[in-house]
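Participant: Take a look at the following structure, please.
Laboratory data are not the source of any read-out in this text; all were calculated from the coordinates shown. Note that this is a predicted model, so its numbers are computed, not measured. Cβ coordinates were reconstructed from backbone atoms using ideal geometry, including for glycine residues, and neighbour counts include every protein chain displayed.
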Amino acid sequence: MTIAPTKDKATTNIGVSKPRVDVREKVTGAAIFTDDVQFGAGLLHARAKRSPYAHALIKRIDISKAKALPGVKVVVTGEDFPNRTGLYLRDRFIFARDRVRFVGEAVAGVAAVSEEIADKAVDLIEVEYEPLPGVHDPVYGASSEAPLVHPDLGSYEWPNFIFPVPGTNISNHFKVRKGDVDSVWEKCAAVVEYTFRVPHVQHVPIEPHVAIAKVDDEGNVTLWASSQSPFAQRNLIAKSLDIPESKIRVIAPLIGGGFGCKAGVTMEAIPVAIALKAKGHPVKFRLTREEEFYTNFVRQGLVAQIKVGCDKDGNLLGLQNTMYWDGGGYTDYGVNITRAGGYSGSGPFDCPNVKVDSLCVYTNHPVGGAYRGFGMSEVHTGIVQAMDMLAEKIGMDRVEFLKKNVVQEGDKILTGMTMHKTGIKECIDKAAQAINWGVKEPNSAPNKLRGKGIAVMWKAPAMPPNAGSSALIKLNEDASVTVMIGGQEIGQGTFTAMAQIAAEALGVPFESVKVKGPIDTQYSPYEWQTVASRLTWSMGNAVRNAALDARRRILDMVAEAWGENVEDLDIKDGYVISYKTEESISLKNIVVYGIPKPNDEGWIGGPVVGSGNFMPTYVTGLDKETGQGERAVVHYTTGAQAVDLEVDLDTGQITILKAVSAFDVGKAINPDLVRAQIEGGFVQGMSSAIFEEMKLVNGHMQNPSFVDYRIATSADVPEKIEAIIVEAPQDDGPFGARGIGEHPMVPTIAALANAIYNATGVRVPHPPLSAEKIYLAMLDAGIVK
Amino acid sequence: MSFHRIILTVNGSTEQVDVPGNMTLLQMLREKLALTGTKNGCAAGECGACTVLMNGEPVNSCMVLAAECNGADIITIEGLARDGQLDVIQKTIIEQGGVQCGFCTPGMLISARALLNRNPHPKEEEIREALVGNLCRCTGYNRIVSAVKAAAEVQ
Ligand code: FES
Ligand code: FES
């Protein structure tokens, strides 16, 4: 094979829709998920005893009958595990001690030879409670009347960017003060003030949580888990059980959907705790679908009191957003959601005067955790509807109003950070155009009302300032390339994108690159977590750096062998080529065995391994009182969504005729995978907007099943869902890329609410925007009789 | 506990299995026959992840007792490809990008195959209706619907 020795840099791997590397195993049933790993006859089955109370003191636990049941191997309670744990705020135990704070909290754990026996043993555990008054609303919870959910809050540990208020239920109070909001309202030509409520929703991955732990006689722990965070789990479990990280190995096979609920630690510590008392036995803990609904991380509820005002030309002057997050019984993860909701609390709008108070409030509800773009769907539901109301009040076209007020490169955003290049205006234009914005179109039937709505969004990766990535690249005899990473394939296609980045940076065919799980903390290089839409950008940089490192080693070897300068050499399509001599050599064999020197004088080179890492080093802290700082986040991905829909006057049912999303992804490494994320994300957003709500009555979830908690099915989805890619390159992204996994569902509730308003003249502000609610609102307004 | 000895055909091969009376077909496939391609998403007949063909009909295997499968002909996701040749619906779902996490995929493909068997040229609405019992949280369904349409065209 001869390679044309030209220096053209035309890429064949970036911006190309390569097939998913994990797809064949997924369509044949060969793909291994955690529940599929086989453990043989020694396997024990774990179950948890759970609290039936939202808030109560534990007076007594009697495990004697459970222990006596034949087949039961281990029974443990909170007595056995005294350490607190938590990702940001260390406020929870593996099993409740002294007090339970939500319905479904684990108070004891059992392992037995079968699930039936484990279930029986759970029933035999006796727990005596003293019920306490509960907190079931975050606004009440933040008030001085509310009973304290965590009287000891002041004694917990937290990082310096979280601001709890001991003596209250407020576990984080994040503030932004920019300009002077209080004096601006009288200068406004129009002001809108409104309180929005977003209910709790559940992630609903089709694969429930499952984890298996095994402890050997030297105390080495192996945990197989459906996990977005094997490294964070190793770290958190190590701390909560006083085991050194070196003795814990987390193996994470493919994940059957996570959307944030498999990040951090929730149920995974339970089988580890039990396995410590059943050495040699693998202990499997798998949530039932019912448990999946109410015992694990949920998306927090939000009450947002919003006030926005503009001058007569529609220029935003003031924006105030006070958010009460319903954090649940523990807010170890929730405090950071509140923080992210706070520093992005203006939405993607440029406004000289901003005041944000974002309060994480302990309640006796299920525990809030990360859910796809955490905090952002909730924040945008309010702020973007408020902008729609303000545009109407000042008499401006929505698109014109949005374009006038969205953030642009160079703007000082609410935290004082200077906005980078962003394609948000192009996103607005393209989304609006795709639904014929401004053109009044006819209804399909006399009993239908047609309307259009648009919403914008922004979202930054919400993570600690120094969340890092690393990668290793190994070359094999046949010139194939193995990429080792610690980021997880969760359906988004990251293994494929990483293969493309490695192929491009190294100069080898995509087909020769292998990226495969499971992620294994013992062998995989470190990755903070698979969250925050950060992998393409952060892990992508690490993979690119590792590939460049391997490339440099190969070129050094060949340069020495050929007596040439590295600058004259290149790797293309798996061959090293010289632009000077037009010589070429295949990577085969030389990347493992090296190159012989002439005349049997020895060898040059050796097995090639490249390593690379990436960590943002420029993120600064934010002032506790003002939320101001040089650079709060790494970057923002922005976008817009527009919908054209009809409302049925007889039923209140909506039919989405067309939904268009446009997002600025910097650079689409794999455009088709980007579009797939955007489409799927829109549908998840639509499902949450129309159907989803955890019905909580005094802390008890009333609808913990697929029958009662409905998610979108194939019959609910509009035929026309369009995804538009905008590319304003990210300066520190691999090939200009930034993330897109979470963003597509962020603006959807607001886009639909705005369209329903446009159709009917009635605003249904609080999701779910169910047919019943829409119909009743139309009835109230006298539109239907 | 009472055990039942059953003989059935799974993906074309005859199997003899001793199953407890309360064991579901799903458990038998996964735990006794190590056919883990069929997934458990709810164990309550509500998600479709466990769909297999039983005597040609799609069933939620979590709702069928293994003991009732004596003499049955079962096809699971592992039996969809023949001699390494993917079924056309497996090919088109790849081409259309209808797979993300892949957890719903086995059940989805079995439901799609069942539809195409009884109705080789389904209309869009019929496809959506046939897949209503198969929940997917990742893809938003349209690429899966397109895959069924494309399969109907080539088969
Ligand atoms: S596992 Fe059988 S329908 Fe969900
Ligand atoms: S691809 Fe993840 S549930 Fe369907």
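Participant: When the Karplus curve 6.51 cos²θ - 1.76 cosθ + 1.60 is applied with θ = phi - 60°, which whole-Hz ³J(HN,Hα) does each residue of the stretch A:625-642 get, with x for Gly and Pro?
Facilitator: In residue order, the calculated couplings are 8, 10, x, 9, x, 5, 8, 6, 9, 6, 5, 10, 8, 10, x, 9, 9, 9 Hz.
Participant: Within the stretch A:344-418, which GluC sites (Glu not before Pro) sit in a loop by DSSP and count at most 12 neighbouring Cβ atoms inside 10 Å? Let's see the in-between values first.
Facilitator: Values: sites: A:Glu378, A:Glu392, A:Glu400, A:Glu409; in loops: A:Glu409.
Listed in order of number, the matching sites are A:Glu409.
Participant: If you average the sequence gap of Cα pairs under 8 Å that are 6 or more apart and divide by the length of chain A, what percent do you get for the contact order? Mind dumping the intermediate values first?
Facilitator: Numbers: 2078 pairs, mean separation 121.3, N = 785.
Value for chain A: 15 percent.
Participant: Further question: Can you tell me, using C-alpha contacts under 8 Å and at least 6 residues apart, the relative contact order of the stretch B:3-79 as a whole percent?
Facilitator: 39 percent
Participant: Further question: How large is ³J(HN,Hα) for each residue in the stretch A:768-785, as worked out from phi by the Karplus curve 6.51 cos²θ - 1.76 cosθ + 1.60 (θ = phi - 60°), to whole Hz, x for Gly and Pro?
Facilitator: So the J values, rounded to whole Hz, are x, 8, 6, 4, 4, 5, 5, 4, 5, 5, 5, 5, 4, 7, x, 6, 10, 10.
Participant: For the stretch A:92-107, take each phi angle, set θ = phi - 60°, evaluate the Karplus expression 6.51 cos²θ - 1.76 cosθ + 1.60, and give the result in whole Hz per residue in order, putting x for glycine and proline.
Facilitator: For the stretch A:92-107, the Karplus-derived couplings read 10, 10, 5, 10, 4, 10, 6, 8, 10, 10, 7, 5, x, 4, 6, 10 Hz, x marking Gly and Pro.
Participant: Under the classification rounded if a/c is under 1.5, otherwise prolate if a/b is larger than b/c and oblate if not, where does the protein assembly as shown fall, given a ≥ b ≥ c as square roots of the Cα gyration tensor eigenvalues?
Facilitator: rounded
Participant: Right, another one. Taking a 19 Å limit on the Cα-Cα distance, which of the listed pairs A:Lys284/B:Lys32; A:Lys307/A:Lys421; A:Lys307/A:Lys430; A:Lys658/A:Lys695 fall beyond it?
Facilitator: Beyond 19 Å between Cα atoms: A:Lys307/A:Lys421; A:Lys307/A:Lys430; A:Lys658/A:Lys695.
Participant: For the stretch B:117-155, state which trypsin sites (Lys or Arg not before Pro) are in a DSSP loop and have at most 14 other beta carbons lying within 10 Å of their beta carbon.
Facilitator: Those that pass, being in a loop and sparsely packed, are B:Lys123.
Participant: Evaluate the charge dipole of the protein assembly as shown about its Cα centre and quote only its size in Debye, nearest 20, assuming +1 on the Cβ of each Lys and Arg and -1 on the Cβ of each Asp and Glu.
Facilitator: Numbers: 93 positive and 109 negative charges, 147 e Å.
Rounded to the nearest 20 debye, it is 700 debye.
Participant: Separation of the stretch A:728-785 and the stretch A:440-467 by C-alpha centroid, Å?
Facilitator: 4 Å
Participant: Return A:Trp537, A:Trp562 ranked ascending by Cβ neighbour count within 10 Å, so the fewest neighbours appear first.
Facilitator: Neighbour counts put them in this order, fewest first: A:Trp562, A:Trp537.
Participant: With a 10 Å Cβ neighbour count serving as the proxy for reagent exposure, in which order, fewest first, do B:Ile77, A:Ile571, A:Ile306 appear?
Facilitator: Numbers: B:Ile77 31, A:Ile571 20, A:Ile306 23.
If I rank by nearby Cβ atoms, fewest first, I get A:Ile571, A:Ile306, B:Ile77.
Participant: Sorting B:Met63, A:Met419, A:Met323, A:Met376 on the 10 Å Cβ count, fewest up front, what's the list?
Facilitator: On the way: B:Met63 14, A:Met419 20, A:Met323 28, A:Met376 25.
Listing B:Met63, A:Met419, A:Met323, A:Met376 from fewest to most nearby Cβ atoms yields B:Met63, A:Met419, A:Met376, A:Met323.
Participant: Here's something else I'd like to know. Restricting to DSSP H runs of at least four residues, report the calculated mean residue ellipticity at 222 nm for chain A, -39500 (n - 2.57) per run over all residues, nearest 500 deg cm²/dmol.
Facilitator: When only DSSP H runs of four or more count, the value is -7000 deg cm²/dmol.
Participant: Right, next: I want the local charge near A:Pro138. Using Cβ-Cβ distances under 15 Å, sum +1 for each Lys or Arg and -1 for each Asp or Glu among the other residues.
Facilitator: Around A:Pro138, the surrounding residues sum to -2.
Participant: I'd like the distance separating the alpha-carbon centroids of the stretch B:1-52 and the stretch A:126-160, in whole Å.
Facilitator: Comparing the Cα centres of the stretch B:1-52 and the stretch A:126-160, I get a distance of 46 Å.
Participant: Give the lysines whose C-alpha is closer than 21 Å to that of A:Lys59, dropping any in the same chain fewer than 8 places away, or say none.
Facilitator: Reachable lysines: A:Lys49, A:Lys67.
Participant: Between A:Ala68 and A:Asp311, what's the calculated FRET efficiency when r is the beta-carbon distance and R0 is 56 Å? Round to 0.05.
Facilitator: 0.15
Participant: May I pose another question? List the chymotrypsin sites (Phe, Trp or Tyr not before Pro) in the stretch A:19-77 that DSSP assigns to loop (not H, G, I, E or B) and whose Cβ has at most 14 other Cβ atoms within 10 Å. Which are they?
Facilitator: Values: sites: A:Phe33, A:Phe39, A:Tyr53; in loops: A:Phe39, A:Tyr53.
Counting only loop positions with at most 14 other Cβ atoms within 10 Å, the chymotrypsin sites (Phe, Trp or Tyr not before Pro) in the stretch A:19-77 are A:Phe39.
Participant: Partner chain Cβ atoms within 10 Å, averaged over the residues of A:610-622 - can you pull that number for me?
Facilitator: Mean partner-chain Cβ count within 10 Å for A:610-622: 0.
Participant: Given C-alpha coordinates of the stretch A:192-271, what is the ratio Rg to Rh with the Kirkwood estimate of Rh?
Facilitator: Ratio of gyration radius to Kirkwood radius for the stretch A:192-271: 1.16.
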